[in-house]
1. Does the range 84-102 hold any residues that are open to solvent by 50 Å² or more (accessible area, probe 1.4 Å) and either in a strand (DSSP E or B) or modelled with pLDDT under 90 (or both), and which are they?
2. Examine the range 41-48 for a residue that is surrounded by 16 or more Cβ atoms within 10 Å (Cβ to Cβ) and over 18 Å from the mean Cα position of the chain (by Cα), and state whether such a residue exists.
3. Which residues, taken from the range 68-83, are open to solvent by 40 Å² or more (accessible area, probe 1.4 Å) and of a type outside the set (A, V, I, L, M, F, W, C)?
4. Here's a check for you: in the range 20-35, which residue that is surrounded by 11 or more Cβ atoms within 10 Å (Cβ to Cβ) and among the β-branched types (Val, Ile, Thr) is nearest to residue 69 (Cα to Cα)?
5. Residues in the range 12-40 that are more than 31 Å from the chain's Cα centre (by Cα) and in a strand (DSSP E or B): how many?
Amino acid sequence: YNLVTMFADRGFRFNLGARFVDTKTTGQGWLSSSISNTETNDYNDLLPAMNVAFDITPEVVLRAGVSRSMTRPSLANLAPVKAYGNTNLTVTGGNSQLEPLRSNNVDIGAEWYFSEKAVLGVSLFYKDIAAPIETIEGSGTDDNITLTFINADSAEIYGVEFEWLKGLG
């Protein structure tokens, strides 16, 4: 849904939308030269987004956005293979049951269009990330076991972005 209107003689834009993602994966790998391994996984996500922009002046725009995003694990992280090391007795491999990184996002910013094809901006952002992917290592009595990829607890990221763009022409 898009809305463009004037509010107090200034431009106001509102955008609202959502996307539904249904993911199904099947991966085949090898546990040894003669033993194959096939694993499957599936998940779905509803990813809503809302953005607003308000023209304080013809050159200064305030923006805000709230969204949910999803990033799938890399194919290397999902690969259902295991590698065994004889030297230090290690096991490494992918994890076909990884969940995607899901993030709830909030962005607030201001942009100053100081000349044609030029902008100076600053934005504050917050991301609440569910199930980031990390590598874990554990050790047994006489060997080391490395489980390469797992979904970890949630993480939060706060930040500031600065932008400057001066186009040619």
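1. Just the residues of the range 84-102 that are open to solvent by 50 Å² or more (accessible area, probe 1.4 Å), to begin with: 84, 86-89, 92, 97, 99, 101.
Scanning the range 84-102 gives 84, 86, 87, 88, 89, 92, 101.
2. Yes, there is a match, as at least one residue in the range 41-48 is surrounded by 16 or more Cβ atoms within 10 Å (Cβ to Cβ) and over 18 Å from the mean Cα position of the chain (by Cα).
3. First pass over the range 68-83, keeping only residues open to solvent by 40 Å² or more (accessible area, probe 1.4 Å): 68-69, 71-72, 74-76, 81-83.
Those that are open to solvent by 40 Å² or more (accessible area, probe 1.4 Å) and of a type outside the set (A, V, I, L, M, F, W, C): 68, 69, 71, 72, 74, 82.
4. Restricting attention to the range 20-35, the residues satisfying the condition of being surrounded by 11 or more Cβ atoms within 10 Å (Cβ to Cβ) are 21, 23, 25-31.
Those still in the list that are among the β-branched types (Val, Ile, Thr) too: 21, 23, 25-26.
Values: 21: 11, 23: 14, 25: 19, 26: 23 Å.
Among those residues, the one meeting the criterion is 21.
5. So the count comes out to 1.
The values are calculated or read from the model by the stated rules, or taken from the named source; none is laboratory data. None of these values were measured; they are calculated from a predicted model. Backbone-built Cβ (ideal geometry, glycine too); neighbour counts: all protein chains shown. Side chains are part of the model used for accessible areas, which takes the heavy atoms of the whole protein and leaves out ligands, DNA and RNA. Shrake-Rupley method; radii C 1.70, N 1.55, O 1.52, S 1.80 Å.
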